[in-house]
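First the structure, in the form of structure tokens, and then the observations on it.
The values are calculated or read from the model by the stated rules, or taken from the named source; none is laboratory data. Source: prediction; values computed, not measured. Note that we place each Cβ from the backbone using ideal geometry, even for glycine, and neighbour counts take in every protein chain shown.
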Amino acid sequence: MSRLIIVDQSLKGLGGHHFDYVLQVSQAASRQGVEVIVVAHQQFSNHASLQHYARIIPHFRRTTYSRYSLLAGLRAMHRRPSLVGAPPNLRKVIPERDHDSWGLPAIDQERIPSNAPRSSQQTTLAKLWQALTNRGGRWWRSFQTLATRMQDVNGRNRVVQSFASDCVRVFPGLVLMPSDHVFFATINDLELAGLLVYWMGAPESYLPHWHLQFHFDAFEGRVPEYRRQYRVLDPLRCLFEDIDNAVPTHQLHYYATTAAIADQYQRLANRPITELAYPISESFRSAKAMPPKVVAIAANDQADFARSTDAAARMIGRLDPSESRSIQVAIELPAAASESDASSNFPKVPLWNPNASGIPIVVAGGIRSEKGQKGLPEIWAELKRQVLDAGLGFIVCQRQEKRQWYRQRFSLPNSPGQESTDASVQYLPHPLSTPQYQELIRQAGIGLLTYDPRSYANRRAGIFGEYLASGVPTLVPAGTWMADQLAPYQVAYQQQVLKQNPSLACWSHLDFDWTPWNVPTASGSVTFDGGEVPAYAWSPVIPGADSATNDRLLSLRLHWVWPREAGTFCRIEILFYDQHRQVITADSATIGQLGQNTAQSALFRIPTEAVHFRLGLKNAFYDRNATIQRLLVDVVSSDHPLPLGAVGLTYDSLSQIPARLSELCTHHSHYKTTCQRVADAWFKQHDPGATVMQLMNVESKAQRQRAG
């Protein structure tokens, strides 16, 4: 029998995506007749739901979230200084011409002559003190960065040695065999180095297949920023070369959680790095699409959770009785499950106060700086006016409830006293038990993800996949991996709108009044950069302004010319004006590149009294030139309000969230229906069984390659 040894050194206990990932892979592997062994962190306590499928070995002393890692994703998480740019050091290391940029006083700075009058000395001292005060912050940050890098050198060595010794202590006891597959669910650069140390000292380590998955960004930012970071990541590139040279007979397989992250590591490694299917629990799968066999499996899984030692009631018991009644989940199951009663396998008691009106807008997961939940109070006034007070929806947030001071760090209402009485904002503890968390996602009306667009430009968001598999429309930041997943659905829907509704006008780039420095070329190409002032043009008169009954939409389509590399986005800024040339409203959309010769599009709602609009184009994230062509703008009319998208929407800034949520709530049935149509296909792409098959079928792939 083959063995799958899953290593997750960050797995400490119940809850979170580390536990869910290992649980889904273990379940799928055991159903395929594979023996599963899970090697977790030493603090992990055996959990009945996971122990049902795998043998658990609590072992590793450190998690993968090392503060000393070179990976940009982990450094950002720990707020470590960026490794890109000139190294901060002492004066003799920094060229004299750069002293001012680093906040260092120049060598030939004005000195106080010894025979100068006292008043002149005091004046000069005051100037020097003012200059030192102004530059002190930057100077101090330079020293902090230098100290951090000196600390990183010693810290990296300790982490590598610790991880290597942990591998030496655990793998010999497992007696590795050629039929074994060792899968590191998440690994960083330091752990990879420690693994190499173990491989070189353990001759038997060449026997099994080693599967190594990268989850965090190696590079900072998007593709246009990669060029200046190669020198920073030279140690990682050399590490990949050392592995190829030191253990050439080892059967190594590299993976990444997204195609964009796979591309990052492929720039540094010689071996192929592929995207591994990310598993999503079948409990998130839409009940209407679940066949009887899957329903029965889900029922068994729920029974396992009910028997687990970390039952929901124990966690709920930490709260007040009044709060526990509002989030308690029934986990009783029917004796026999069938396709007709699939929905009965899931709890029906709501997780929130039933007195709330509107659609539940769920902000799930723990509060972290990169997840952006703390930015919601900045838009609280508009959020309350456009969504909550209008009765369109209410907010449900997760947060830690253990400490009063932590609870107050994330509180949306202006007055703390409103928290207990206002049903428009409700809080659930983090973490929830597994059945409760699954039910929270499934019962959500809209999934709100306020993630930092830079941190999640290439990185996968597990909650986003769970929303889509459950058929829940989402609101996500533009320019992220999440927005890239929504883009094909958006383009397809907007093409459908153009086909099914009459067009009042269709304009090309020739019909706009461009500024003199942004006139399109003869081929129709428009070049713009990322400056404060975009390339803009005035439109002709918008037809249909005299018809107050029709809904008018502005459809904009374009093709990318340059650059072709991923990570470059065009931000379209629209200002609508009335007949007196007064601004009525403003809107924007950020679109990327779907592929060669594929048009990208954006859809905007035209205010009733709008007569003109100003079109602005700019590079969304970088101050560099970009070029588009074949610009087409349509004014579409409909006798009933049309939604602006499908499956979900994106936003460019936090200030757009209230309007986007209002749009999702107003046309919720449309977004819900379109999301449910793609939910089953999305789940099949993330079926845990597909993940296990991809891991276990490498032998047949290698045999086919040798035969060919």
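Descriptive notes on the structure:
- Test for ARG97: is it assigned to a helix (DSSP H, G or I) and either at pLDDT 75 or above or more than 34 Å from the chain's Cα centre (by Cα) (or both): yes
Residues checked against (1) of a type in the set (Ser, Thr, Tyr); (2) modelled with pLDDT under 95; (3) farther than 30 Å from TYR671 by Cα:
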residue: ILE446; (1), (2), (3): no, no, no
residue: SER503; (1), (2), (3): yes, yes, no
residue: SER508; (1), (2), (3): yes, yes, yes
residue: PRO540; (1), (2), (3): no, yes, yes
residue: GLY544; (1), (2), (3): no, yes, no
residue: ALA548; (1), (2), (3): no, yes, no
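- Test: GLY567 is closer than 27 Å to LYS499 by Cα and of a type in the set (Gly, Ala, Ser): no
- Any chance SER45 is closer than 23 Å to GLY366 by Cβ, small (Gly, Ala, Ser) and in a loop (DSSP other than H, G, I, E, B): yes
Yes or no, residue by residue, for (1) among the aliphatic types (A, V, I, L, M); (2) assigned by TED's automatic domain parsing to the domain that holds PRO178; (3) in contact with a helix residue (DSSP H, G or I) (Cβ under 8 Å, 6 or more places away or on another chain):
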| residue | (1), (2), (3) |
| --- | --- |
| GLY13 | no, yes, yes |
| HIS17 | no, yes, yes |
| LEU23 | yes, yes, yes |
| SER26 | no, yes, yes |
| ALA29 | yes, yes, yes |
| SER45 | no, yes, no |
| ALA48 | yes, yes, yes |
| GLN51 | no, yes, no |
| ARG61 | no, yes, yes |
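- Test: residue in region 458-479 that is at pLDDT below 95, under 26 Å from ALA566 (Cα atoms) and hydroxyl-bearing (Ser, Thr, Tyr): no
- The residue pairs whose first member lies in region 28-47 and is at positive phi, whose second member is at pLDDT below 95, and whose beta carbons are closer than 9 Å, counting only pairs six or more residues apart or on different chains, are GLY33/MET1; GLY33/SER2.
- The numbered conditions (1) within 22 Å of VAL160 (Cβ to Cβ); (2) at pLDDT 95 or above; (3) crowded, with 20+ Cβ neighbours inside 10 Å are all true for LEU233 except (2).
- Residue match in region 560-581 (condition: of a type outside the set (Gly, Ala, Ser), in a loop (DSSP other than H, G, I, E, B) and at positive phi): yes
- Out of ARG557, ARG564, sole residue that is assigned by TED's automatic domain parsing to the domain that holds ALA626 and either modelled with pLDDT under 90 or within 24 Å of ILE657 (Cβ to Cβ) (or both): ARG564
- Residues located in region 18-40, provided they are surrounded by fewer than 19 Cβ atoms within 10 Å (Cβ to Cβ) and out of contact with any Leu (no Cβ under 8 Å at 6 or more places or on another chain): SER30, ARG31, GLN32, GLY33
- Here region 236-282 is the region considered, the condition is being touching a helix residue (DSSP H, G or I) at 6+ places or on another chain (Cβ under 6 Å), crowded, with 20+ Cβ neighbours inside 10 Å and among the hydroxyl-bearing types (Ser, Thr, Tyr), and the residue that is nearest to ASP680 (Cα to Cα) is SER281.
- Just one residue in the set PRO607, PRO643 is of a type outside the set (A, V, I, L, M) and touching a helix residue (DSSP H, G or I) at 6+ places or on another chain (Cβ under 6 Å); that residue is PRO643.
- Residue tally, condition under 23 Å from SER205 (Cα atoms), more than 25 Å from the chain's Cα centre (by Cα) and without any contact (Cβ under 8 Å) to a residue 40 or more places away in the chain, over region 232-274: 9
- Residue match in region 345-362 (condition: under 30 Å from ARG75 (Cα atoms), at pLDDT 55 or above and of a type in the set (Ser, Thr, Tyr)): no
- Selection count where residues are modelled with pLDDT under 90 and hydrophobic (A, V, I, L, M, F, W, C), scope region 51-83: 3
- Conditions (1) touching a helix residue (DSSP H, G or I) at 6+ places or on another chain (Cβ under 6 Å); (2) within 30 Å of ALA260 (Cα to Cα); (3) buried (at least 16 other Cβ atoms within 10 Å of the Cβ): number failed by GLU565: (3)
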